[in-house]
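A.B. asks: Here you go, one structure.
The values are calculated or read from the model by the stated rules, or taken from the named source; none is laboratory data. Since the structure is predicted, the reported quantities are computational estimates derived from the model, not experimental observations. Cβ atoms come from the backbone with ideal geometry, glycine included; neighbour counts cover every protein chain shown.
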Amino acid sequence: MKANAAAALLALALAGCSSVGGSAIRTGPVQLPSYSGPVAIYATGQPPPGAVDLGVVEVHAAQQEASVDTLMPQFVRKVAQIGGNVAVVDGIRARFELVGRTHVETFYYQCALGATCAGTRVYAANDELMMVSIFGRAFSTEVVPPGEQPLIPLTPPTSIDPGTPETMAPQPREVPQQTQPGGDL
């Protein structure tokens, strides 16, 4: 059974498949383009003072790829994708999942009159997969935190220039009257 699981993983590796995946979701008030410089890693769960929260990041992998050595570079890449230069690790989890599969065996045996007969056995088997994930947040120390300005101004603007497109109100338009042939409406 272990040989089958190893063969399946080898086949996936040769086919170019990988169990490494992840996501980075922008949740902060600032939207930045991708960052291409060095990314600092904070494993304490606390960002440096003055850092601006950009979003949450999670990466994961299974079996042989499920190691911190494999996942940490992926975590840093995901942080940089949403503009972060600081990666804050909130936690690392390992869990084990049972994955069901159907196993088919063909066997041969001696049957009547010395002939060889073939039979097939089908049964369910479970494989235990180790899943490791790293989760945390992306921050940037290269931007100023957004101010505490209200969304709606407290006072109206002092002057309005009627000639600018931003302040022009749509003008009412006349609707032409329609007439029917042979008479007015």
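A.B. asks: Kindly indicate the residue of region 96-117 that is closer than 29 Å to MET130 by Cα and surrounded by fewer than 11 Cβ atoms within 10 Å (Cβ to Cβ) and also nearest to the chain's Cα centre (by Cα) among those meeting that condition. Show your work before the answer.
C.D. replies: As a first pass, look at region 96-117 and keep what is closer than 29 Å to MET130 by Cα: 96-105.
Still in the list and also surrounded by fewer than 11 Cβ atoms within 10 Å (Cβ to Cβ): 96, 98, 100, 102, 104-105.
Numbers: PHE96: 21, LEU98: 24, GLY100: 26, THR102: 31, VAL104: 36, GLU105: 39 Å.
In this case the residue turns out to be PHE96.
A.B. asks: Name the single residue that is nearest to the chain's Cα centre (by Cα) among those in region 61-86 being outside any helix (DSSP H, G or I) and surrounded by 21 or more Cβ atoms within 10 Å (Cβ to Cβ).
C.D. replies: First pass over region 61-86, keeping only residues outside any helix (DSSP H, G or I): 61-62, 66-67, 82-86.
Filter once more, keeping what is surrounded by 21 or more Cβ atoms within 10 Å (Cβ to Cβ): 61, 82-86.
Values: ALA61: 13, ILE82: 11, GLY83: 15, GLY84: 15, ASN85: 18, VAL86: 18 Å.
For region 61-86, the residue satisfying everything is ILE82.
A.B. asks: All but one of (1) surrounded by 15 or more Cβ atoms within 10 Å (Cβ to Cβ); (2) closer than 30 Å to ALA66 by Cα; (3) not hydroxyl-bearing (Ser, Thr, Tyr) hold for ALA125; state the number of the condition that does not hold.
C.D. replies: Every listed condition holds for ALA125 apart from (1).
A.B. asks: I've got another one for you. For region 31-41, state whether one or more residues are within 22 Å of MET131 (Cβ to Cβ) and under 19 Å from the mean Cα position of the chain (by Cα).
C.D. replies: no
A.B. asks: (1) at pLDDT 90 or above; (2) more than 18 Å from GLY55 (Cβ to Cβ); (3) assigned to a strand (DSSP E or B): which one isn't true of VAL99, the others all being true?
C.D. replies: Here VAL99 clears every test but (1).
A.B. asks: While we're here: Mind checking which pairs have a first residue in region 81-103 that is under 29 Å from TYR123 (Cβ atoms) and a second that is surrounded by 11 or more Cβ atoms within 10 Å (Cβ to Cβ) and small (Gly, Ala, Ser), Cβ under 7 Å, 6 or more apart or different chains?
C.D. replies: Here the result reads ARG101/ALA125; HIS103/ALA125, each pair linking region 81-103 to a residue that is surrounded by 11 or more Cβ atoms within 10 Å (Cβ to Cβ) and small (Gly, Ala, Ser).
A.B. asks: Please go through region 104-141 and pick out each residue that is outside any strand (DSSP E or B) and free of Cβ contacts under 8 Å to residues at least 60 places away in the same chain. If you could, list the steps in order and put the result at the bottom.
C.D. replies: Kept after step one, since they are outside any strand (DSSP E or B), are these residues of region 104-141: 111-115, 141.
Of everything in region 104-141, those that are outside any strand (DSSP E or B) and free of Cβ contacts under 8 Å to residues at least 60 places away in the same chain turn out to be CYS111, ALA112, LEU113, GLY114, ALA115.
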